[in-house]
1. Can you find, within the range 353-410, the residue that is surrounded by the fewest Cβ atoms within 10 Å (Cβ to Cβ) among those that are aliphatic (A, V, I, L, M) and under 25 Å from Leu73 (Cβ atoms)?
2. If we scan the range 68-78, do we find a residue that is modelled with pLDDT under 95, polar (S, T, N, Q) and assigned by TED's automatic domain parsing to the domain that holds Gly174?
3. Condition check: farther than 20 Å from Ala290 by Cβ and crowded, with 22+ Cβ neighbours inside 10 Å. Does Leu342 satisfy that?
4. Would you pick out the residues in the range 376-392 that are aliphatic (A, V, I, L, M) and either in contact with a helix residue (DSSP H, G or I) (Cβ under 9 Å, 6 or more places away or on another chain) or not assigned by TED's automatic domain parsing to the domain that holds Glu332 (or both)?
5. Please name all residue pairs, on different chains or six or more residues apart, with Cβ atoms under 8 Å, provided the first residue is in the range 343-367 and is over 20 Å from Ser414 (Cβ atoms) and the second residue is of a type in the set (Asp, Glu) and surrounded by fewer than 24 Cβ atoms within 10 Å (Cβ to Cβ).
6. Could you list all residues from the range 105-146 that are in a helix (DSSP H, G or I) and more than 15 Å from Ala168 (Cα to Cα)?
Amino acid sequence: MALYDIARRMAAVALAAVDPERLVREALAARPERWTAALALGKAAPAMARGTGGALGREARRLLVRTHGTPGLLDPAWEQLSGGHPLPDRQSLAAGARVLHWLAELPPGEPLLAMISGGSSACVEAPAGDLTLEELAAAQRALLGSGLPIHAFNAVRKHLSALKGGGALRAGRGPVLALLLSDVPGDDPGTIGSGPFAADPSTFADALAAVAPLAVPERVRLRLAAGARGELPETVKPGDAELARVESILLGSAATAAEAAAGEARRSGFTAAIGHLAGEAAEAARGLVARGRALGGRQAALVLGGETTVTLGPESGRGGRNQELALAAARELAGGSGELVLTLATDGEDGPTRSAGGIVDGASWAALERAGADPAGALRRHDSQPALAALPGALLETGSTGTNVGDLAIYLRSEPSG
């Protein structure tokens, strides 16, 4: 079987392994409770809601908030809202206000089933204090282009929000079962969706340090400084008595998807290894190929799961971190044969594009040059999407997948026998 076919099959198996509907159904099947209140947030919210099935009573309160680009749920029993991504918009703020009010309306002691997935940090938001949407969006826009790791990014988000960093937990009064689909490195409940029902070990001082080199609105900086001086209440911290009301279960993550992809490679006769994906996308491409080439065996596969970063310049082009990784991998593979790299945003949306990633081999770089795409210049400008679009088949298109566990990068090598 051709490497391209094997890589695509590995990606399909990986996505199936983190199907939110099945994961929620299996998690609830092992429990005796019938829930009377359910909340689903993020890109996987509709699929997670479908998984609740008979675990919800007929009269159960149901609220779902998804990103605008995620297909809605065809079930009138669920109240549904949508919000922006990757930046919050006015609908995000309306959704945040509704969630806080909805949680406050739950009777004291009523158990809540909360299903949290990536994307909820932007699609549902409640600015802290008197911050405006414009100030919040400007701060997050600066963070998105900064190259900061997600933990630093979320430290800022949590301290500018009334929902994140345990804010949703404080809004309610009953026990919470939190089912989590992780799209962040380390799978920390406090980082998934910016931890609406989780402890936040970060501080105002951490958030202030993170924005120090960035061009964020002055009132954002002043709020963080006031919090660092102890003038504002902190987010929910580890050991807080409120956390005794929460039970968290991790349903799936990038590691789940990577293990499934590696298993499919082994069934195809490959030696397979998995690892963590991190760092600047172009550097991660170099490391992916080097590590893949170091694997023994005539047929070898390396699957990395996680999240890279791209530090944007003042005049950056169009693309996402997975497309940049694929384009940089094409440079590493250039001139060789029997090697391939596939990159995938598991939600099907890589950055502000409708492409999920890319798929390239040793001939791709030269083909891009012949097509006039200037791949080296595209990498310098962070303009990977138009470059890859010049080579038919190089862009990976999946559409919305209904799940979200971060990114996968797959390296495959098959050497001729003998």
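1. Going residue by residue through the range 353-410, those that are aliphatic (A, V, I, L, M) are 356, 359-360, 363, 366-368, 371, 373, 376, 378-379, 387-391, 394-396, 405, 408-410.
Narrowing further to those that are under 25 Å from Leu73 (Cβ atoms): 356, 405.
Working: Ala356: 28, Val405: 33.
So the residue we want is Ala356.
2. yes
3. Values: farther than 20 Å from Ala290 by Cβ: no; crowded, with 22+ Cβ neighbours inside 10 Å: yes.
Taking the combined requirement at face value, the residue does not satisfy it.
4. Initially, the range 376-392 is screened for residues aliphatic (A, V, I, L, M), giving 376, 378-379, 387-391.
Scanning the range 376-392 gives Ala376, Ala378, Leu379, Ala387, Leu388, Ala390, Leu391.
5. Partner pairs satisfying both residue conditions: Arg354/Glu397; Ser355/Glu397; Ala356/Glu397.
6. Looking only at the range 105-146, we keep the residues that are in a helix (DSSP H, G or I), and these are 105, 120-123, 133-144.
Within the range 105-146, Leu133, Glu134, Glu135, Leu136, Ala137, Ala138, Ala139, Gln140, Arg141, Ala142, Leu143, Leu144 qualify.
Yes or no, residue by residue, for (1) of a type in the set (D, E, K, R); (2) closer than 30 Å to Ala14 by Cβ:
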{"position": "Trp102", "(1), (2)": "no, no"}
{"position": "Leu106", "(1), (2)": "no, no"}
{"position": "Ile116", "(1), (2)": "no, yes"}
{"position": "Phe153", "(1), (2)": "no, yes"}
{"position": "Val176", "(1), (2)": "no, yes"}
{"position": "Asp183", "(1), (2)": "yes, yes"}
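Yes/no matrix, rows are residues, columns are (1) within 22 Å of Leu100 (Cα to Cα); (2) of a type in the set (A, V, I, L, M, F, W, C); (3) buried (at least 20 other Cβ atoms within 10 Å of the Cβ); (4) touching a residue at least 24 places away in the same chain (Cβ under 8 Å):
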{"site": "Ala142", "(1), (2), (3), (4)": "no, yes, no, yes"}
{"site": "Gly147", "(1), (2), (3), (4)": "no, no, no, yes"}
{"site": "Lys164", "(1), (2), (3), (4)": "yes, no, yes, yes"}
{"site": "Ile192", "(1), (2), (3), (4)": "yes, yes, yes, yes"}
{"site": "Ala198", "(1), (2), (3), (4)": "yes, yes, yes, yes"}
{"site": "Leu208", "(1), (2), (3), (4)": "no, yes, yes, no"}
{"site": "Leu232", "(1), (2), (3), (4)": "yes, yes, no, yes"}
{"site": "Thr235", "(1), (2), (3), (4)": "yes, no, yes, yes"}
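The values are calculated or read from the model by the stated rules, or taken from the named source; none is laboratory data. This structure is a prediction, so every number in the text was calculated from the model and none was measured. Please note: Cβ atoms are built from the backbone with ideal geometry, for glycine as well, and neighbour counts cover all protein chains shown.
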